[in-house]
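*Asks:* I have a structure here, written as C-alpha cells, and I will follow up with some questions on it.
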Amino acid sequence: MSDQALRRRMSVGLKPDIREIHARGDTVIILFDAAGTAKDGKPYENTYDWFLDLKDGKITRATAFFDAIAFNDLWRRVKPE
C-alpha cells in the first residue's frame, strides 16, 4: 500500500492525533489515531503504530501496524481517482 493510493481515496486527508511517542536508541515508536473523510463522504478512522529505525537523523526502516478491518473497508468501498 502506498501513501499515494490512500490519499487518492480521501476527500479530506488524515489528521493524526498522537497518543504516545517512545524512543530508545535509534528506534522510535509512535502510537496515534488518524481520521479523515473518504471520497464517498463517510469518515475513515484508524489507529496506527509506527516503528521507525533511524540513522544519522534519517529513517532507515519503517514498520506500520493498523486496524486492517477499517482499512479494508475503505479499500473496498472507495476506488482511487
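*Asks:* Within the set of other residues whose C-beta is less than 13 Å from the C-beta of residue 77, count the net charge using Lys and Arg as +1 and Asp and Glu as -1.
*Replies:* Details: positive: 9, 39, 42, 76, 79; negative: 40, 73.
The answer is +3.
*Asks:* Taking residue 79 as the anchor, which lysines have their alpha carbon closer than 17 Å to its alpha carbon, excluding any fewer than eight residues away along the same chain?
*Replies:* List returned: 39, 42.
*Asks:* Using alpha-carbon pairs under 8 Å, 6+ residues apart, how would you state the relative contact order of the chain in percent? Working shown, then result.
*Replies:* Working: 145 pairs, mean separation 21.1, N = 81.
Once divided by the residue count of the chain, the mean separation gives 26 percent.
*Asks:* Could you work out [θ]222 nm for the chain from helices alone, using -39500 (n - 2.57) per DSSP H run of at least four and dividing by all its residues? Round to the nearest 500 deg cm²/dmol. List each step's numbers first, then the result.
*Replies:* Numbers: 2 runs with 15 residues, N = 81.
Counting only the DSSP helices, I get -5000 deg cm²/dmol.
*Asks:* Using the beta-carbon distance between residue 10 and residue 52 and R0 = 25 Å, what value does 1/(1 + (r/R0)^6) give for FRET efficiency, to the nearest 0.05?
*Replies:* Values: r = 23 Å, r/R0 = 0.92.
The pair residue 10/residue 52 has a calculated efficiency of 0.60.
*Asks:* Relative to the longest principal Cα axis of the chain, at what angle does helix 68-77 sit, 0 to 90 degrees, rounded to 10?
*Replies:* In the chain, helix 68-77 runs at an angle near 40 degrees to the longest axis.
*Asks:* OK, next. Mean-square fluctuation check for the chain, GNM, Cα pairs under 10 Å: which of 60, 27, 47 is largest?
*Replies:* 60
No value in this document is a laboratory result; all are computed from the given coordinates. Because the structure is a prediction, the values reported are computed rather than measured. Don't worry about glycine lacking a Cβ; one is built from the backbone with ideal geometry, like all the others, and counts go over all protein chains shown.
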